[in-house]
Amino acid sequence: MKPHYFDQGQADPDDFMLKACINQGYVPPTCLLNGAIVLAEVNAARVPCAGCEAPREKCHGSPRSLNAQS
């Protein structure tokens, strides 16, 4: 399992966890994180985009937070 799809430019179409998180509005439809990571962040009450290193010009996510824990 890949932790992200940054190099691919689009998410794996079979990543059902990511699709569920997109449908619930946790991340934008262009998110490039693996769904398991997004879901773990959501379950930990963190904003998935806040600590993500994805290039925003590709994923169109919200800005990285200065307070994100890495």
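Given the criteria touching a helix residue (DSSP H, G or I) at 6+ places or on another chain (Cβ under 8 Å) and either free of Cβ contacts under 8 Å to residues at least 40 places away in the same chain or assigned to a loop (DSSP other than H, G, I, E, B) (or both), does E41 qualify? Against the criterion (touching a helix residue (DSSP H, G or I) at 6+ places or on another chain (Cβ under 8 Å) and either free of Cβ contacts under 8 Å to residues at least 40 places away in the same chain or assigned to a loop (DSSP other than H, G, I, E, B) (or both)), E41 qualifies. Looking across A50, A44, A54, A40, one residue alone is surrounded by 13 or more Cβ atoms within 10 Å (Cβ to Cβ), at pLDDT 95 or above and not basic (K, R). It is A40.
The values are calculated or read from the model by the stated rules, or taken from the named source; none is laboratory data. Computed from a prediction, not measured in an experiment: that's the story for all the values here. Note that each Cβ is placed from the backbone with ideal geometry, even for glycine, and that neighbours are counted across all protein chains shown.
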